[in-house]
Amino acid sequence: MSLEPVYKRVLLKASGEALMGSQGFGIDVAVADRIASDIAEARKMGVEVGVVVGGGNIFRGVAVASKGGDRVTGDHMGMLGTVINALALATSLRKLNVDTVVLSAISMPELCESFSQRATLYHLSMGRVVIFAGGTGNPFFTTDSAAALRAAEMGAEAIFKGTQVDGIYSADPKKDPTATRFDHLTHKEVLERGLAVMDIAAVALARENSIPIIVFSIHEKGGFAEILTGGGLKTIVSDN
């Protein structure tokens with residue numbers, strides 16, 4: 001395996017649930033620190049990294065809607081959850097002396113900078129890790145969609161989707177022992193088979209912009225760097 005990274009600029013999508021660790025809610029600082037160490041390893045390899053983090057460990061907007069509440073308000077609450085997670089991950093990165101900036105789709109200048117493509121490209125050029133908070137800034141869009149959107153805006157060569165398992169399977173491997181892992185799929189196959197990788201809008205946006213999606217386990221220490229150099233277990237979603 002080459003130690004040279006296959007990609008020079010990537011977008012890492014981490015779920016809010018990943019930050020929970022074994023807790024039932026909130027942020028496990030040890031897990032945030034481990035994910036930060038993986039990002040720091042990628043930076044040492046010269047890879048420019050943008051990060052989108054979900055908010056499911058704190059709040060899910062659909063939970064409000066499912067109980068008869070207003071979906072828009074619920075999604076706004078979920079966006080705030082992503083800001084909390086982004087600030088926590090930024091803190092873990094700064095502990096490792098990794099220059100990091102949080103850009104939020106919702107303006108809150110007392111807490112972090114506001115998102116713009118111009119600011120993103122500037123901070124990446126300065127060698128900073130850029131964490132995108134607040135989703136897309138719009139209700140009815142998931143943080144998966146935010147990941148695909150930000151990847152396109154920053155010119156990412158790939159989206160790295162950190163999940164609970166080491167790739168895309170034909171069924172949930174935790175429930176079905178006969179489930180098989182795919183090494184490679186096209187965006188079209190993911191959409192046609194209804195495989196739960198990212199939501200439909202995110203996969204379609206990635207396909208439209210010719211951005212591969214690489215699905216791997218976010219729980220393997222050093223796994224991010226290993227896959228960046230072409231090794232490790234993963235599923236690659238691309239059209240070539």
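Is it the case, given these coordinates, that G134 is at positive phi and surrounded by 17 or more Cβ atoms within 10 Å (Cβ to Cβ)? In short, yes. Exactly one residue out of L93, L87, L3 is surrounded by fewer than 15 Cβ atoms within 10 Å (Cβ to Cβ) and among the aliphatic types (A, V, I, L, M): that is L3.
Might you let me know whether the range 35-48 holds any residue that is outside any helix (DSSP H, G or I), surrounded by fewer than 20 Cβ atoms within 10 Å (Cβ to Cβ) and polar (S, T, N, Q)? Checked against the condition, which is being outside any helix (DSSP H, G or I), surrounded by fewer than 20 Cβ atoms within 10 Å (Cβ to Cβ) and polar (S, T, N, Q), the range 35-48 yields no hits at all. If I filter the range 17-27 for residues that are aliphatic (A, V, I, L, M), buried (at least 23 other Cβ atoms within 10 Å of the Cβ) and in contact (Cβ under 8 Å) with a residue 24 or more places away in the chain, do I get at least one hit? Yes, the range 17-27 contains a residue that is aliphatic (A, V, I, L, M), buried (at least 23 other Cβ atoms within 10 Å of the Cβ) and in contact (Cβ under 8 Å) with a residue 24 or more places away in the chain. From the list A152, A147, pick out the single residue that is of a type in the set (G, A, S), in contact (Cβ under 8 Å) with a residue 12 or more places away in the chain and in contact with a strand residue (DSSP E or B) (Cβ under 8 Å, 6 or more places away or on another chain). Every option except A147 fails the conditions. Screening the range 125-240 for strands (runs of 3 or more DSSP E) wholly inside it with 1 or more residues that are over 25 Å from V31 (Cβ atoms) returns the ranges 235-237.
When restricted to residues that are crowded, with 19+ Cβ neighbours inside 10 Å and farther than 26 Å from A152 by Cβ, the range 60-73 contains 1. Candidates in the range 108-131 are the residues that are crowded, with 18+ Cβ neighbours inside 10 Å and in contact (Cβ under 8 Å) with a residue 60 or more places away in the chain; of these, the one that is nearest to R43 (Cα to Cα) is V129. Picking from residues in the range 208-240 that are small (G, A, S) and surrounded by fewer than 22 Cβ atoms within 10 Å (Cβ to Cβ), the one that is nearest to V6 (Cα to Cα) is G230.
Of the candidates V72, V64, the single residue that is in a helix (DSSP H, G or I), in contact with a Pro (Cβ under 7 Å, 6 or more places away or on another chain) and over 19 Å from A14 (Cα atoms) is V72. Being under 17 Å from the mean Cα position of the chain (by Cα) and in contact (Cβ under 8 Å) with a residue 40 or more places away in the chain is a description that does not apply to G61. Residues satisfying the criterion are present in the range 161-171 (criterion: closer than 28 Å to A32 by Cα, exposed (fewer than 15 other Cβ atoms within 10 Å of the Cβ) and within 18 Å of the chain's Cα centre (by Cα)).
Within the range 6-16, the residues that satisfy the criterion of being buried (at least 18 other Cβ atoms within 10 Å of the Cβ), in contact with a Gly (Cβ under 6 Å, 6 or more places away or on another chain) and either in a loop (DSSP other than H, G, I, E, B) or of a type in the set (A, V, I, L, M) (or both) are L11, A14, S15.
Since every read-out is calculated from the coordinates, none of them should be taken as a lab result. These numbers come from a predicted model, not from an experiment. Positions of Cβ are generated from backbone atoms using ideal geometry, with glycine treated the same way; all protein chains shown enter the neighbour counts.
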